[in-house]
1. What is the helix-to-structure angle for 198-209, meaning the angle in degrees between its Cα long axis and the longest Cα principal axis of the chain, kept from 0 to 90 and rounded to the nearest 10?
2. Which loop-located GluC sites (Glu not before Pro) does region 44-147 contain, where loop means any DSSP state but H, G, I, E or B and the Cβ has at most 14 other Cβ atoms within 10 Å?
3. Provide the FRET efficiency to the nearest 0.05 for the THR16-GLN222 pair, computing r from the beta carbons and using R0 = 35 Å.
4. Hey, in the chain, which Cys have no second cysteine's beta-carbon closer than 4.7 Å?
5. Please list 3J(HN,Hα) in residue order for region 139-146, calculated via the Karplus relation 6.51 cos²θ - 1.76 cosθ + 1.60 where θ = phi - 60°; whole Hz, with x for glycine and proline.
6. Calculate how many DSSP beta bridges within the chain are antiparallel, expressed in % of all such bridges and rounded to the nearest 5.
7. Have a look at ASP29, ASP90, ASP233 and tell me which one the Gaussian network model of the chain (Cα, springs below 10 Å) gives the largest fluctuation.
8. Return the subset of LYS122/LYS206; LYS58/LYS92; LYS180/LYS206 for which the Cα-Cα distance in this structure is over 23 Å, preserving the input order.
Amino acid sequence: MKQVRPKKNLGQHFLTDLDIARAIADTVDACPALPVLEVGPGMGVMTQFLVEKPRALKVVEIDRESVAFLNEHFPQLRENILGEDFLRMDLKRVFDGQSFVLTGNYPYDISSQIFFKMLDNKELIPCCTGMIQREVAQRIASQPGTKAYGILSVLIQAWYRVEYLFTVDENVFNPPPKVKSAVIRMTRNDVTDLGCDERLFRRVVKTVFNQRRKMLRVSLRQLFTNGDMPNVDFFTEEIMTKRPEQLTISQFVELTNMVAARIAN
């Protein structure tokens, strides 16, 4: 069977460097024993190294041409090649409710959506590794007080330890992307309860970062209706003079509880 043609509408950039493919596949070794789900295997450049590991492996691929290629070249995986859209999958049924490692050379245009789905299934996914656009990787790994620190930084670091592992140049892909890539690993931390309403936490983080240049006393007003708008004292608290990139995760938890108390009243 001929090689798969990269499709622009699926954001396909096939990795061609086998050493890098092996290095990415080996990132799952930090989470031993668990089965692995690879997203977007394409022609299996990472799959060929993952399949050598002594653990269960499934791959999910939305491109029918790639699925046909994988079935032909990886007959040992034939029952475990899932021709589905990862973003629409029920992850609880992939390994019958068992926890697993998520990995892949993720399509740039949906990588954030993939990680939001990871967060929604964080009890199933103790470890997530893979390659994404470098800018997104830097955002996820960034710390408070930096320009890259944002929504993904806070929401992911609340639940995962993030490691920026290495950068990948454009010239090892077909076709070459216009940006550099990076490989990261996210491993669940010890947090089991944020200490606040998790849904409201997400709302607060997204709301204030959508107006990241404004102080919290301005951006937070969007969370309230006229009926529950706090009095002026709420907006004169010291934390309200900060901008979102200045807040640590624990301060976002504190802020969420402050908002929750006002909404409840």
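1. 80 degrees
2. GLU52, GLU84, GLU123
3. Efficiency computed from Cβ-Cβ geometry: 0.15.
4. Flagged as lacking a Cys partner: CYS128, CYS196.
5. Result, rounded to whole Hz: 4, 4, 8, 6, 10, x, x, 10.
6. 55 percent
7. In the Gaussian network model the winner is ASP233.
8. The pairs that break the limit, which is 23 Å between Cα atoms, are LYS180/LYS206.
Every read-out reported here was derived from the displayed coordinates using simple, explicitly stated rules and does not represent laboratory data. What you see is a predicted model; the values in this text were computed from it and never measured. Virtual Cβ from ideal backbone geometry, glycine too; neighbours counted across all protein chains shown.
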